[in-house]
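Written below as structure tokens is the structure these notes are about.
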Amino acid sequence: MTDPFDFQAQTARFAVIGNPVAHSRSPQIHQMFAQQFGIALEYGRIQVDAGGFEQAVSHFTARGGAGLNVTLPFKLEARQLCGRPGNTVSARAQNAGAVNTLRFEGGAVFGDNTDGAGLVRDIEHNLGMQIAGKRVLLLGAGGAARGVLQPLSQCAPKNITVANRTAQKARALAKDFGGGIRGCGLGEVKGEVFDLVIHGSSAGLQGEAPDIDANCLRGAFAYDMLYAPAGETTAFIQWALASGAARAGDGLGMLVEQAAESFYLWHRRRPDTAPVLGALRSES
Ligand code: ATR
């Protein structure tokens, strides 16, 4: 029983779980959001080895944890956890096939995926490009690309092409979503024109850009779902601008916006993301 004379309010506990998480900016982002509302919370980092995800989650909930952000490589395992009897998952996480946000309530787990909403909000609200009516090229057909496909298609673009190194994977992904999404190999978009080119492959992790015809970038808005340290640009953005892209944006805004969606899921309040994004950008 709670001691009625204990005036020390219980601080809600949150964390990001993944591997690696040492450089995750989520703790800092969530603390900045919480300050906007005068909410006191703990937000930590939990690094787990392969095979240890579910045990770490039970450990966290047993110690009163209220919510987790899930990052690589555990987003699929988090989806599986949410599929167990008694647990639930949002429609958007189901479509994405991955969960990046967990909320714990009375022993049950609710899973959501805020990545796609974060991407759309960054492009439309922060960067000022309306996706409706645009020709969209999405590069990559792995988990990151799958996670944003449905929120992108809900913005009513003119069309969406998913191009991937392994063409068959892009075709299968496009077929899964239906609704006129086309899947193809990187070479098949040669000579085509796009308004918005989103890089969602993991090529950037090795400092590479996918091998597509540079003309596809000419005049386009190039968006990289990855982000670079302050003062640097990602390999994809460097290549896109050199290829004639009109504008470019990196994934730091997406990171902050997906965090804001998670924050809303836990606290039912929408933080102002602009000052938080500004603070992260100005850090060296
Ligand atoms: P994630 O969850 O980050 O999307 P993933 O599911 O392993 O990771 O998918 C990685 C994606 O990046 C795939 O689309 C992969 O292409 P393949 O399907 O052909 O493997 C793509 N990718 C990785 N390295 C790449 C490179 N050097 N050039 C182009 N695409 C690359």
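The values are calculated or read from the model by the stated rules, or taken from the named source; none is laboratory data. Values in this document were obtained by computation on a predicted structure and should not be read as measured data. Cβ sites come from the backbone with ideal geometry, for glycine too, and all protein chains shown count toward neighbours. Ligands, DNA and RNA are stripped out before the accessible areas are found, and what is left, the full protein with its side chains, is counted by its heavy atoms. Shrake-Rupley method; radii C 1.70, N 1.55, O 1.52, S 1.80 Å.
Residues 266, 239 ordered from highest to lowest accessible area at a 1.4 Å probe: 239, 266. Principal axis extents of the Cα atoms in segment 195-240, from largest to smallest and rounded to whole angstrom, are 27, 19, 14.
In the elastic network of the chain, a GNM with C-alpha springs shorter than 10 Å, the most mobile of 230, 66, 145 is 230. A rounded overall shape is assigned to segment 116-253, the ratio a/c of its alpha-carbon gyration tensor axes (a ≥ b ≥ c) being less than 1.5. Apply the a/c threshold of 1.5 to the C-alpha gyration tensor of segment 94-174 and tell me whether it is rounded, prolate or oblate. Note, shape of segment 94-174 comes out oblate.
Annotation: amide H-H contacts under 5 Å for residue 227 (H modelled 1.01 Å from N, sequence separation of 5 or more, or interchain): 251. Given axes a ≥ b ≥ c from the Cα gyration tensor, I'd like to know whether segment 46-112 is rounded (a/c under 1.5), prolate (a/b larger than b/c) or oblate. Oblate is the answer for segment 46-112, as a/c is 1.5 or above yet b/c matches or exceeds a/b. The rule of thumb for compact globular proteins, 2.2 N^0.38 Å, goes into the C-alpha radius of gyration of the chain 1.04 times. The heavy atoms of residue 195 present about 40 square angstrom of accessible area, all protein chains included, probe 1.4 Å.
Computed 3J(HN,Hα) for segment 234-250, one whole-Hz value per residue from the Karplus formula 6.51 cos²θ - 1.76 cosθ + 1.60 where θ = phi - 60°, is 6, 4, 5, 5, 4, 5, 5, 5, 5, 8, x, 4, 6, 8, 8, x, 9, glycine and proline marked x.
Near residue 12, the amide H atoms lying under 5 Å from its own belong to 42; only residues 5 or more places off or on other chains count, and H is placed 1.01 Å from N. On a per residue basis, the chain carries 48 Å² of accessible surface, using protein heavy atoms and a 1.4 Å probe.
Taking the helices alone, the chain has a mean residue ellipticity at 222 nm of -10000 deg cm²/dmol, built from -39,500 (n - 2.57) per DSSP H run of at least 4 residues and averaged over all its residues. Result for the chain in a Gaussian network model with C-alpha springs under 10 Å: among 67, 52, 249, the largest mean-square fluctuation is at 52. Here the relative contact order of the chain, from alpha carbon pairs under 8 Å that lie six or more residues apart, stands at 15 percent. Using a probe radius of 1.4 angstrom, the carbon and sulfur fraction of the accessible surface of segment 1-147 is 52%.
When Rg is the radius of gyration of the Cα atoms in segment 1-137 and Rh is its Kirkwood radius, what does Rg/Rh come to? Reported Rg/Rh, Kirkwood definition of Rh: 1.03. Net charge in the neighbourhood of residue 13 (other residues with Cβ under 15 Å of its Cβ; Lys, Arg +1, Asp, Glu -1) is +1. A dipole drawn for the chain from +1 and -1 charges on Cβ atoms has a positive end, and of 102, 282, 187 the residue lying farthest that way is 187.
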